[in-house]
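Enquirer: Here's a structure for you.
The values are calculated or read from the model by the stated rules, or taken from the named source; none is laboratory data. These numbers were taken from a predicted model, which means no experiment stands behind them. FYI the Cβ positions are ideal-geometry reconstructions off the backbone, even for glycines, and counts take in every protein chain you see. Just the protein is used for accessible areas: all its heavy atoms, side chains included, with ligands, DNA and RNA removed. Shrake-Rupley method; radii C 1.70, N 1.55, O 1.52, S 1.80 Å.
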Amino acid sequence: MQRSRVLWRLRRYDDAIAELRSALVGDPNYDAARQQLMGFLRDQRRWAELANLYDDSLEKHPDSIDLYLGAGETAVARAREYAANEDTRRAAQYYEQALSQLQRAWKLSQEQGQLQTRSLASLGEVMLQLRQYDELVKMIDENLQGTREDVPLLLHKAEAYFRKGEKTAALQEFESALTLAADDANLSEVVLREVSRVGEVPDILVWTRKKLAERSDWVSLYLLAAYLEQVQGNSDEALNLMLTGKSLAENKEKDDDLIRVYSQLSNLYERIGRPDDSLEVYRQWQKIRPEDPAVLNNLAYRLLQGEANVDEAVDFAQKAYKLVPQDINVMDTYALALLKQGKFVQAERIAQEVIREAERRNMVVLPEFEYRLAEALAGQGNKARARELMEGVLNRLKDSQSQSDAVLRKDVEASLAELD
(Lines give C-alpha, C1' and ligand atoms only; values in the text may rest on other atoms or scores of the structure.)
Protein backbone atom coordinates (compact mmCIF):
# COMPACT_ATOMS: atom_id res chain seq x y z
CA MET A 1 0.00 0.00 0.00
CA GLN A 2 2.69 2.49 1.01
CA ARG A 3 4.77 1.77 -2.09
CA SER A 4 1.76 2.28 -4.36
CA ARG A 5 1.10 5.69 -2.79
CA VAL A 6 4.72 6.73 -3.34
CA LEU A 7 4.53 5.62 -6.96
CA TRP A 8 1.29 7.56 -7.37
CA ARG A 9 2.83 10.74 -5.98
CA LEU A 10 5.69 10.29 -8.45
CA ARG A 11 3.04 10.10 -11.22
CA ARG A 12 3.98 6.54 -12.05
CA TYR A 13 0.29 5.74 -12.24
CA ASP A 14 0.52 2.43 -14.12
CA ASP A 15 3.16 1.17 -11.68
CA ALA A 16 1.04 2.18 -8.69
CA ILE A 17 -1.95 0.31 -10.10
CA ALA A 18 0.19 -2.75 -10.91
CA GLU A 19 1.52 -2.74 -7.34
CA LEU A 20 -2.00 -2.92 -5.93
CA ARG A 21 -3.03 -5.62 -8.39
CA SER A 22 -0.06 -7.71 -7.22
CA ALA A 23 -1.10 -7.19 -3.60
CA LEU A 24 -4.59 -8.50 -4.39
CA VAL A 25 -3.21 -11.52 -6.22
CA GLY A 26 -1.24 -12.36 -3.07
CA ASP A 27 -4.21 -11.71 -0.79
CA PRO A 28 -7.63 -11.47 -2.48
CA ASN A 29 -9.14 -10.43 0.86
CA TYR A 30 -6.90 -7.37 1.20
CA ASP A 31 -9.84 -4.93 1.19
CA ALA A 32 -7.75 -1.82 1.88
CA ALA A 33 -5.72 -2.47 -1.28
CA ARG A 34 -8.94 -3.15 -3.18
CA GLN A 35 -10.44 0.18 -2.10
CA GLN A 36 -7.23 2.02 -2.97
CA LEU A 37 -7.14 0.38 -6.41
CA MET A 38 -10.74 1.41 -7.03
CA GLY A 39 -9.80 5.00 -6.22
CA PHE A 40 -6.77 4.96 -8.53
CA LEU A 41 -8.74 3.45 -11.42
CA ARG A 42 -11.53 5.98 -10.91
CA ASP A 43 -9.04 8.86 -10.97
CA GLN A 44 -7.57 7.54 -14.22
CA ARG A 45 -11.05 7.03 -15.69
CA ARG A 46 -10.21 3.40 -16.46
CA TRP A 47 -13.86 2.46 -16.32
CA ALA A 48 -13.69 -1.01 -17.87
CA GLU A 49 -11.04 -2.17 -15.39
CA LEU A 50 -12.95 -0.56 -12.53
CA ALA A 51 -16.16 -2.30 -13.60
CA ASN A 52 -14.37 -5.66 -13.62
CA LEU A 53 -13.00 -4.97 -10.16
CA TYR A 54 -16.49 -4.20 -8.87
CA ASP A 55 -17.82 -7.42 -10.43
CA ASP A 56 -15.09 -9.42 -8.70
CA SER A 57 -15.74 -7.63 -5.40
CA LEU A 58 -19.49 -8.27 -5.59
CA GLU A 59 -18.84 -11.99 -5.92
CA LYS A 60 -17.15 -11.83 -2.53
CA HIS A 61 -19.62 -9.36 -0.97
CA PRO A 62 -22.99 -9.83 -2.71
CA ASP A 63 -24.90 -7.82 -0.10
CA SER A 64 -22.72 -4.70 -0.15
CA ILE A 65 -24.71 -1.54 -0.87
CA ASP A 66 -21.51 0.46 -1.39
CA LEU A 67 -20.23 -1.93 -4.03
CA TYR A 68 -23.49 -1.90 -5.98
CA LEU A 69 -23.53 1.90 -5.79
CA GLY A 70 -19.94 2.05 -7.03
CA ALA A 71 -20.65 -0.40 -9.84
CA GLY A 72 -23.75 1.53 -10.89
CA GLU A 73 -21.99 4.89 -10.79
CA THR A 74 -19.14 3.42 -12.87
CA ALA A 75 -21.66 2.27 -15.47
CA VAL A 76 -23.12 5.80 -15.49
CA ALA A 77 -19.65 7.24 -16.13
CA ARG A 78 -19.18 4.88 -19.08
CA ALA A 79 -22.62 5.78 -20.42
CA ARG A 80 -21.79 9.48 -20.25
CA GLU A 81 -18.59 8.99 -22.20
CA TYR A 82 -20.38 7.11 -24.96
CA ALA A 83 -23.14 9.74 -24.99
CA ALA A 84 -20.52 12.49 -25.33
CA ASN A 85 -19.15 10.62 -28.37
CA GLU A 86 -22.69 10.32 -29.78
CA ASP A 87 -22.69 6.53 -29.44
CA THR A 88 -26.29 6.38 -28.23
CA ARG A 89 -26.59 2.61 -28.49
CA ARG A 90 -23.74 1.90 -26.08
CA ALA A 91 -24.75 4.78 -23.84
CA ALA A 92 -28.21 3.25 -23.50
CA GLN A 93 -26.64 -0.16 -22.82
CA TYR A 94 -24.62 1.16 -19.88
CA TYR A 95 -27.51 3.21 -18.51
CA GLU A 96 -29.57 0.00 -18.45
CA GLN A 97 -26.71 -1.77 -16.68
CA ALA A 98 -26.49 1.07 -14.17
CA LEU A 99 -30.25 0.89 -13.63
CA SER A 100 -30.04 -2.81 -12.72
CA GLN A 101 -27.13 -2.32 -10.31
CA LEU A 102 -28.62 0.73 -8.63
CA GLN A 103 -32.00 -0.93 -8.28
CA ARG A 104 -30.19 -3.71 -6.40
CA ALA A 105 -28.44 -1.10 -4.22
CA TRP A 106 -31.81 0.54 -3.50
CA LYS A 107 -33.41 -2.81 -2.56
CA LEU A 108 -30.52 -3.69 -0.23
CA SER A 109 -30.63 -0.24 1.36
CA GLN A 110 -34.29 -0.74 2.20
CA GLU A 111 -33.63 -4.19 3.63
CA GLN A 112 -30.63 -3.04 5.68
CA GLY A 113 -31.90 0.43 6.59
CA GLN A 114 -28.70 2.07 5.38
CA LEU A 115 -27.68 4.51 2.63
CA GLN A 116 -31.27 4.86 1.47
CA THR A 117 -31.12 8.50 0.38
CA ARG A 118 -27.86 8.06 -1.51
CA SER A 119 -29.14 4.88 -3.17
CA LEU A 120 -32.38 6.50 -4.29
CA ALA A 121 -30.57 9.64 -5.46
CA SER A 122 -28.16 7.59 -7.59
CA LEU A 123 -31.00 5.51 -8.96
CA GLY A 124 -32.98 8.66 -9.68
CA GLU A 125 -30.20 10.08 -11.83
CA VAL A 126 -30.36 7.04 -14.10
CA MET A 127 -34.15 7.04 -14.19
CA LEU A 128 -33.99 10.64 -15.41
CA GLN A 129 -31.65 9.61 -18.22
CA LEU A 130 -34.02 6.79 -19.18
CA ARG A 131 -37.00 9.19 -19.04
CA GLN A 132 -38.79 7.25 -16.34
CA TYR A 133 -40.22 10.48 -14.97
CA ASP A 134 -43.56 9.35 -13.55
CA GLU A 135 -42.03 6.27 -11.89
CA LEU A 136 -39.33 8.43 -10.33
CA VAL A 137 -41.77 11.01 -8.96
CA LYS A 138 -43.88 8.25 -7.43
CA MET A 139 -40.86 6.55 -5.85
CA ILE A 140 -39.60 9.81 -4.37
CA ASP A 141 -43.01 10.75 -2.96
CA GLU A 142 -43.16 7.39 -1.20
CA ASN A 143 -39.78 7.87 0.47
CA LEU A 144 -39.54 11.51 1.55
CA GLN A 145 -38.62 11.99 5.23
CA GLY A 146 -39.14 15.75 5.63
CA THR A 147 -35.46 16.38 6.47
CA ARG A 148 -32.53 18.00 4.67
CA GLU A 149 -31.57 14.60 3.33
CA ASP A 150 -34.58 14.94 1.02
CA VAL A 151 -32.99 17.82 -0.90
CA PRO A 152 -31.26 15.72 -3.62
CA LEU A 153 -34.47 13.72 -4.05
CA LEU A 154 -36.57 16.85 -4.44
CA LEU A 155 -34.10 18.13 -7.02
CA HIS A 156 -34.55 14.94 -9.02
CA LYS A 157 -38.32 15.33 -8.71
CA ALA A 158 -38.10 18.94 -9.90
CA GLU A 159 -35.91 17.86 -12.82
CA ALA A 160 -38.46 15.21 -13.77
CA TYR A 161 -41.24 17.80 -13.86
CA PHE A 162 -39.02 20.20 -15.79
CA ARG A 163 -38.23 17.60 -18.45
CA LYS A 164 -41.94 16.83 -18.74
CA GLY A 165 -42.53 20.52 -19.49
CA GLU A 166 -44.27 21.19 -16.15
CA LYS A 167 -42.21 24.22 -15.11
CA THR A 168 -44.61 25.49 -12.43
CA ALA A 169 -44.53 22.11 -10.68
CA ALA A 170 -40.74 22.08 -11.01
CA LEU A 171 -40.48 25.47 -9.29
CA GLN A 172 -42.69 24.25 -6.47
CA GLU A 173 -40.34 21.34 -5.84
CA PHE A 174 -37.33 23.66 -5.93
CA GLU A 175 -39.07 25.84 -3.37
CA SER A 176 -39.63 22.81 -1.13
CA ALA A 177 -35.97 21.89 -1.48
CA LEU A 178 -34.88 25.43 -0.67
CA THR A 179 -37.08 25.50 2.44
CA LEU A 180 -35.42 22.30 3.68
CA ALA A 181 -31.95 23.62 2.82
CA ALA A 182 -32.71 26.71 4.91
CA ASP A 183 -29.49 28.63 5.65
CA ASP A 184 -27.16 25.73 4.81
CA ALA A 185 -24.88 27.51 2.33
CA ASN A 186 -23.79 24.47 0.36
CA LEU A 187 -27.24 22.93 0.05
CA SER A 188 -28.82 26.25 -0.87
CA GLU A 189 -26.21 26.78 -3.58
CA VAL A 190 -27.03 23.41 -5.13
CA VAL A 191 -30.77 24.15 -5.10
CA LEU A 192 -30.46 27.65 -6.51
CA ARG A 193 -28.04 26.58 -9.22
CA GLU A 194 -30.70 24.16 -10.42
CA VAL A 195 -33.48 26.74 -10.10
CA SER A 196 -31.65 29.07 -12.46
CA ARG A 197 -32.05 26.55 -15.30
CA VAL A 198 -35.82 26.43 -15.13
CA GLY A 199 -38.00 28.81 -17.12
CA GLU A 200 -37.15 32.26 -18.43
CA VAL A 201 -34.76 34.51 -16.53
CA PRO A 202 -37.37 37.26 -15.81
CA ASP A 203 -39.74 34.67 -14.32
CA ILE A 204 -37.04 33.19 -12.11
CA LEU A 205 -35.98 36.68 -11.03
CA VAL A 206 -39.56 37.46 -9.95
CA TRP A 207 -39.60 34.19 -7.99
CA THR A 208 -36.23 35.02 -6.38
CA ARG A 209 -37.30 38.53 -5.41
CA LYS A 210 -40.43 37.06 -3.83
CA LYS A 211 -38.33 34.65 -1.80
CA LEU A 212 -36.01 37.50 -0.77
CA ALA A 213 -38.99 39.43 0.59
CA GLU A 214 -39.82 36.39 2.72
CA ARG A 215 -36.25 35.54 3.78
CA SER A 216 -34.01 38.59 3.57
CA ASP A 217 -31.39 36.81 5.70
CA TRP A 218 -30.50 34.16 3.09
CA VAL A 219 -27.20 35.01 1.41
CA SER A 220 -27.88 32.45 -1.31
CA LEU A 221 -30.92 34.35 -2.54
CA TYR A 222 -28.94 37.56 -2.94
CA LEU A 223 -26.37 35.71 -5.03
CA LEU A 224 -29.00 34.12 -7.25
CA ALA A 225 -30.76 37.47 -7.75
CA ALA A 226 -27.38 39.07 -8.55
CA TYR A 227 -26.60 36.35 -11.08
CA LEU A 228 -29.97 36.79 -12.79
CA GLU A 229 -29.62 40.59 -12.90
CA GLN A 230 -26.20 40.12 -14.44
CA VAL A 231 -27.63 37.80 -17.11
CA GLN A 232 -30.07 40.58 -18.01
CA GLY A 233 -27.25 43.11 -18.29
CA ASN A 234 -27.96 44.94 -15.02
CA SER A 235 -24.42 44.94 -13.61
CA ASP A 236 -24.99 47.81 -11.17
CA GLU A 237 -27.97 46.11 -9.58
CA ALA A 238 -26.07 42.81 -9.53
CA LEU A 239 -23.19 44.46 -7.69
CA ASN A 240 -25.53 46.05 -5.14
CA LEU A 241 -27.14 42.68 -4.42
CA MET A 242 -23.76 40.98 -4.05
CA LEU A 243 -22.46 43.63 -1.69
CA THR A 244 -25.60 43.28 0.42
CA GLY A 245 -25.05 39.52 0.49
CA LYS A 246 -21.39 40.07 1.40
CA SER A 247 -22.30 42.31 4.32
CA LEU A 248 -24.85 39.77 5.53
CA ALA A 249 -22.34 36.91 5.28
CA GLU A 250 -19.71 38.90 7.17
CA ASN A 251 -22.18 39.65 9.96
CA LYS A 252 -23.11 35.98 10.19
CA GLU A 253 -19.41 35.02 10.26
CA LYS A 254 -20.14 31.97 8.10
CA ASP A 255 -17.15 31.06 5.97
CA ASP A 256 -19.15 28.96 3.49
CA ASP A 257 -21.37 31.92 2.65
CA LEU A 258 -18.39 34.28 2.43
CA ILE A 259 -16.53 32.00 0.06
CA ARG A 260 -19.48 31.85 -2.33
CA VAL A 261 -19.83 35.65 -2.18
CA TYR A 262 -16.11 36.12 -2.85
CA SER A 263 -16.21 33.76 -5.82
CA GLN A 264 -19.15 35.48 -7.51
CA LEU A 265 -18.08 39.02 -6.58
CA SER A 266 -14.51 38.64 -7.85
CA ASN A 267 -15.82 37.40 -11.21
CA LEU A 268 -18.26 40.31 -11.47
CA TYR A 269 -15.52 42.83 -10.75
CA GLU A 270 -13.45 41.29 -13.54
CA ARG A 271 -16.36 41.52 -16.00
CA ILE A 272 -17.09 45.18 -15.26
CA GLY A 273 -13.44 46.21 -15.56
CA ARG A 274 -12.47 46.57 -11.90
CA PRO A 275 -9.48 44.18 -11.60
CA ASP A 276 -8.07 45.89 -8.48
CA ASP A 277 -11.33 45.25 -6.62
CA SER A 278 -11.31 41.65 -7.81
CA LEU A 279 -7.76 41.25 -6.50
CA GLU A 280 -8.76 42.68 -3.13
CA VAL A 281 -11.63 40.18 -2.89
CA TYR A 282 -9.16 37.36 -3.49
CA ARG A 283 -6.89 38.70 -0.77
CA GLN A 284 -9.83 38.63 1.66
CA TRP A 285 -10.69 35.11 0.47
CA GLN A 286 -7.14 33.89 1.00
CA LYS A 287 -7.21 35.11 4.62
CA ILE A 288 -10.01 32.70 5.51
CA ARG A 289 -8.74 29.86 3.26
CA PRO A 290 -4.93 30.21 3.44
CA GLU A 291 -4.30 26.64 2.26
CA ASP A 292 -6.90 26.46 -0.52
CA PRO A 293 -4.96 25.75 -3.75
CA ALA A 294 -7.70 27.17 -5.99
CA VAL A 295 -7.68 30.47 -4.09
CA LEU A 296 -3.88 30.62 -4.08
CA ASN A 297 -3.79 29.86 -7.80
CA ASN A 298 -6.38 32.50 -8.74
CA LEU A 299 -4.74 35.09 -6.50
CA ALA A 300 -1.38 34.39 -8.13
CA TYR A 301 -2.87 34.63 -11.62
CA ARG A 302 -4.48 38.00 -10.89
CA LEU A 303 -1.27 39.35 -9.41
CA LEU A 304 0.52 38.31 -12.60
CA GLN A 305 -1.70 40.57 -14.68
CA GLY A 306 0.49 43.45 -13.48
CA GLU A 307 4.25 43.80 -13.07
CA ALA A 308 4.46 45.09 -9.50
CA ASN A 309 3.71 41.88 -7.58
CA VAL A 310 5.59 39.17 -9.46
CA ASP A 311 7.54 37.83 -6.47
CA GLU A 312 4.38 37.65 -4.37
CA ALA A 313 2.59 35.91 -7.23
CA VAL A 314 5.39 33.33 -7.50
CA ASP A 315 5.09 32.60 -3.77
CA PHE A 316 1.35 31.97 -4.04
CA ALA A 317 1.71 29.94 -7.24
CA GLN A 318 4.46 27.78 -5.77
CA LYS A 319 2.41 27.12 -2.64
CA ALA A 320 -0.57 26.04 -4.75
CA TYR A 321 1.69 23.80 -6.86
CA LYS A 322 3.06 22.07 -3.76
CA LEU A 323 -0.48 21.39 -2.56
CA VAL A 324 -1.81 20.02 -5.87
CA PRO A 325 1.14 19.27 -8.20
CA GLN A 326 -1.08 17.41 -10.69
CA ASP A 327 -3.58 20.24 -11.25
CA ILE A 328 -3.12 21.53 -14.79
CA ASN A 329 -4.38 25.06 -14.11
CA VAL A 330 -2.13 25.36 -11.06
CA MET A 331 0.88 24.12 -13.02
CA ASP A 332 0.17 26.56 -15.85
CA THR A 333 -0.06 29.53 -13.48
CA TYR A 334 3.19 28.47 -11.81
CA ALA A 335 4.91 28.26 -15.21
CA LEU A 336 3.65 31.75 -16.06
CA ALA A 337 4.89 33.08 -12.70
CA LEU A 338 8.34 31.60 -13.23
CA LEU A 339 8.48 33.14 -16.71
CA LYS A 340 7.64 36.55 -15.28
CA GLN A 341 10.42 36.08 -12.75
CA GLY A 342 12.91 35.13 -15.47
CA LYS A 343 13.45 31.57 -14.20
CA PHE A 344 13.31 30.01 -17.65
CA VAL A 345 14.79 26.58 -16.87
CA GLN A 346 12.26 25.96 -14.09
CA ALA A 347 9.49 27.39 -16.24
CA GLU A 348 10.36 24.97 -19.04
CA ARG A 349 10.18 22.00 -16.67
CA ILE A 350 6.73 23.01 -15.36
CA ALA A 351 5.45 23.85 -18.86
CA GLN A 352 6.52 20.38 -20.03
CA GLU A 353 4.68 18.87 -17.04
CA VAL A 354 1.51 20.74 -18.01
CA ILE A 355 1.58 19.35 -21.55
CA ARG A 356 2.36 15.80 -20.40
CA GLU A 357 -0.44 15.86 -17.84
CA ALA A 358 -2.95 17.14 -20.40
CA GLU A 359 -1.92 14.41 -22.84
CA ARG A 360 -2.12 11.76 -20.12
CA ARG A 361 -5.69 12.78 -19.37
CA ASN A 362 -6.59 12.85 -23.07
CA MET A 363 -7.28 16.57 -22.78
CA VAL A 364 -6.66 19.16 -25.46
CA VAL A 365 -3.25 20.77 -25.07
CA LEU A 366 -4.26 24.43 -25.05
CA PRO A 367 -2.33 26.92 -27.17
CA GLU A 368 -1.44 28.78 -23.97
CA PHE A 369 0.45 25.73 -22.71
CA GLU A 370 2.60 25.56 -25.83
CA TYR A 371 3.18 29.30 -25.72
CA ARG A 372 4.48 29.08 -22.14
CA LEU A 373 6.92 26.40 -23.22
CA ALA A 374 8.00 28.48 -26.21
CA GLU A 375 8.67 31.51 -23.99
CA ALA A 376 10.71 29.39 -21.60
CA LEU A 377 12.83 28.06 -24.48
CA ALA A 378 13.26 31.52 -25.95
CA GLY A 379 14.46 32.79 -22.59
CA GLN A 380 17.20 30.15 -22.66
CA GLY A 381 18.27 31.07 -26.19
CA ASN A 382 16.63 28.14 -28.00
CA LYS A 383 15.06 30.45 -30.56
CA ALA A 384 14.56 27.85 -33.32
CA ARG A 385 12.38 25.57 -31.21
CA ALA A 386 10.61 28.57 -29.64
CA ARG A 387 9.79 29.93 -33.10
CA GLU A 388 8.50 26.54 -34.24
CA LEU A 389 6.16 26.33 -31.25
CA MET A 390 4.95 29.92 -31.58
CA GLU A 391 4.19 29.52 -35.27
CA GLY A 392 2.27 26.36 -34.43
CA VAL A 393 0.24 28.30 -31.83
CA LEU A 394 -0.57 31.02 -34.36
CA ASN A 395 -1.69 28.39 -36.85
CA ARG A 396 -4.05 26.92 -34.25
CA LEU A 397 -5.49 30.35 -33.47
CA LYS A 398 -5.86 31.66 -37.02
CA ASP A 399 -9.56 30.84 -37.39
CA SER A 400 -10.64 31.60 -33.83
CA GLN A 401 -13.00 34.52 -33.26
CA SER A 402 -12.84 34.56 -29.46
CA GLN A 403 -11.59 37.67 -27.69
CA SER A 404 -9.22 35.73 -25.43
CA ASP A 405 -7.64 34.00 -28.43
CA ALA A 406 -7.23 37.37 -30.13
CA VAL A 407 -5.28 38.64 -27.10
CA LEU A 408 -3.12 35.50 -27.09
CA ARG A 409 -2.50 35.82 -30.84
CA LYS A 410 -1.29 39.39 -30.33
CA ASP A 411 1.07 38.29 -27.53
CA VAL A 412 2.51 35.47 -29.64
CA GLU A 413 3.04 37.78 -32.62
CA ALA A 414 4.90 40.22 -30.37
CA SER A 415 7.08 37.43 -28.98
CA LEU A 416 7.87 36.21 -32.51
CA ALA A 417 8.92 39.70 -33.51
CA GLU A 418 11.34 39.79 -30.56
CA LEU A 419 12.99 36.58 -31.83
CA ASP A 420 13.97 38.28 -35.11
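Enquirer: Whole Å is fine, so just give me how far the alpha carbon centre of the stretch 249-274 lies from that of the stretch 293-316.
Expert: 18 Å
Enquirer: Can you give the extra length, in nm with one decimal, that the chain gains between residue 81 and residue 283 once fully stretched, where that is 0.36 nm per residue apart less the Cα-Cα distance?
Expert: Numbers: separation 202, 0.36 × 202 = 72.72 nm, distance 3.85 nm.
Fully extending the segment from residue 81 to residue 283 adds 68.9 nm.
Enquirer: Using a 7 Å offset from the Cα along the Cα-to-Cβ direction at both residue 145 and residue 100, what is the distance between the two label points in nm, to one decimal?
Expert: Using points 7 Å along Cα→Cβ, the separation is 3.0 nm.
Enquirer: GNM on the chain, C-alpha springs below 10 Å: top fluctuator among 401, 93, 326?
Expert: Maximum among the listed residues: 401.
Enquirer: Would you mind telling me which residue in 27, 141, 236 has the biggest mean-square fluctuation in a Gaussian network model of the chain, where springs connect alpha carbons within a distance under 10 angstrom?
Expert: Fluctuation is largest for 27.
Enquirer: Using only the Cα atoms of the stretch 75-192, what do you get for the radius of gyration and for Dmax, in Å?
Expert: 14.8, 43
Enquirer: Another question about this same structure. Calculate the dipole size of the chain relative to its Cα centre from +1 charges on Lys and Arg beta carbons and -1 charges on Asp and Glu beta carbons; express the result in debye to the nearest 20. It would help to have the intermediate numbers written out before the result.
Expert: On the way: 57 positive and 72 negative charges, 143 e Å.
Roughly 680 debye for the chain.
Enquirer: Pick out which of 228, 408, 67 has the largest mean-square fluctuation in a Gaussian network model of the chain, springs linking Cα atoms closer than 10 Å.
Expert: Highest fluctuation among the options: 408.
Enquirer: If you don't mind, another one. Which one, 84, 364, 22, is farthest towards the positive end of the dipole of the chain when Lys and Arg carry +1 and Asp and Glu -1 on their Cβ?
Expert: After comparing all options, I get 22.
Enquirer: Give me the Kirkwood hydrodynamic radius of the stretch 1-122 in Å, from all C-alpha pairs, to one decimal place?
Expert: Working: mean 1/r = 0.0656 Å⁻¹.
One over the average 1/r among Cα pairs gives 15.3 Å for the stretch 1-122.
Enquirer: Tell me, what is the FRET efficiency for residue 250 and residue 107 to the nearest 0.05, using R0 = 41 angstrom and their Cβ-Cβ distance as r?
Expert: Working: r = 48 Å, r/R0 = 1.16.
Step by step, r from the Cβ atoms, then E = 0.30.
Enquirer: Report the dimensions of the chain along its three principal axes from the alpha-carbon atoms, largest first, rounded to Å.
Expert: 72, 64, 42
Enquirer: Now for a different question. Take the stretch 315-357, drop everything but the C-alpha atoms, weight them equally and run the Debye formula without solvent; then report log10 I(q)/I(0) at 0.14, 0.21 Å⁻¹ to two decimals.
Expert: Debye curve over Cα of the stretch 315-357, log10 I(q)/I(0) at q = 0.14, 0.21 Å⁻¹: -0.24, -0.54.
Enquirer: Which value, in Å² rounded to 10, gives the accessible area of residue 340 with a 1.4 Å probe and all protein chains present?
Expert: Surface accessible to solvent at residue 340 totals approximately 80 Å².
Enquirer: So, one more: Relative contact order for the stretch 272-406: what is it in percent, counting Cα pairs under 8 Å that are at least 6 residues apart? Mind showing how you got there, number by number?
Expert: Numbers: 157 pairs, mean separation 19.9, N = 135.
Once normalised by length, the contact order is 15 percent.
Enquirer: Taking the stretch 200-244 as the region of interest, what is the percent of Cα-Cα pairs per 5 angstrom bin, listed from the shortest bin to the one with the maximum distance?
Expert: Calculated over all Cα pairs of the stretch 200-244, the distribution is 5, 28, 34, 24, 8, 1 percent.
Enquirer: Using a Förster distance of 41 Å, how high is the FRET efficiency between residue 364 and residue 179, based on the Cβ-Cβ distance and rounded to 0.05? The partial results should precede the final answer.
Expert: Working: r = 42 Å, r/R0 = 1.03.
With R0 = 41 Å, the Cβ-Cβ based efficiency is 0.45.
Enquirer: Can you tell me the length gained on complete extension of the stretch residue 419 to residue 203, counting 0.36 nm per residue apart and subtracting the Cα distance?
Expert: Details: separation 216, 0.36 × 216 = 77.76 nm, distance 5.56 nm.
The span from residue 419 to residue 203 would gain 72.2 nm if fully extended.
Enquirer: Once a ≥ b ≥ c are taken as the square roots of the eigenvalues of the Cα gyration tensor of the stretch 246-311, is the result rounded (a/c under 1.5), prolate (a/b larger than b/c) or oblate (a/b not larger than b/c)?
Expert: Details: a/c = 2.47, a/b = 1.47, b/c = 1.68.
In terms of gyration-tensor shape, oblate.
Enquirer: In terms of the Cα gyration tensor, with a ≥ b ≥ c the square roots of its eigenvalues, is the stretch 164-272 rounded because a/c is under 1.5, prolate because a/b exceeds b/c, or oblate? If you can, show how the numbers build up before the last one.
Expert: Working: a/c = 1.96, a/b = 1.26, b/c = 1.55.
Oblate shape, in that a/c is at least 1.5 and b/c is the bigger or equal ratio.
Enquirer: Could you give the nm distance between label points at residue 274 and residue 10, where each point is 7 Å from its Cα heading toward the beta carbon?
Expert: Those two pseudo-labels are separated by 5.1 nm.
Enquirer: Expected output is a single nm value to one decimal: the length gained when fully extending between residue 394 and residue 45, i.e. 0.36 nm times separation in residues minus the C-alpha distance. What is it? Present the calculation step by step, with values, prior to reporting the outcome.
Expert: Values: separation 349, 0.36 × 349 = 125.64 nm, distance 3.22 nm.
Result for the pair: 122.4 nm of gain on full extension.
Enquirer: Okay, moving on. Pairs of Cα atoms under 8 Å, at least six residues apart: use those to get the relative contact order of the chain, whole percent. Show your work: numbers first, answer last.
Expert: Details: 480 pairs, mean separation 21.5, N = 420.
Relative contact order of the chain: 5 percent.
Enquirer: Hey, which of these cross-link pairs are over 32 Å Cα-Cα: 343/398; 210/252; 138/211; 157/210; 252/340; 246/343?
Expert: Numbers: 343/398 30 Å; 210/252 22 Å; 138/211 28 Å; 157/210 22 Å; 252/340 40 Å; 246/343 39 Å.
Long pairs (Cα-Cα over 32 Å): 252/340; 246/343.
Enquirer: Pick out, from 324, 351, 290, the residue whose Cα sits farthest towards the positive end of the charge dipole of the chain, with +1 on the Cβ of Lys and Arg and -1 on the Cβ of Asp and Glu.
Expert: Projecting each Cα onto the dipole axis, the largest value belongs to 351.
Enquirer: What FRET efficiency would be calculated for the residue pair residue 234, residue 164, taking the C-beta separation as r and a Förster radius of 41 Å, to the nearest 0.05? Before the final figure, lay out the partial values.
Expert: Working: r = 32 Å, r/R0 = 0.78.
My answer for the efficiency is 0.80.
Enquirer: Using label points projected 7 Å from each Cα along Cα→Cβ, tell me how many nm separate residue 356 and residue 383, to one decimal.
Expert: 3.0 nm
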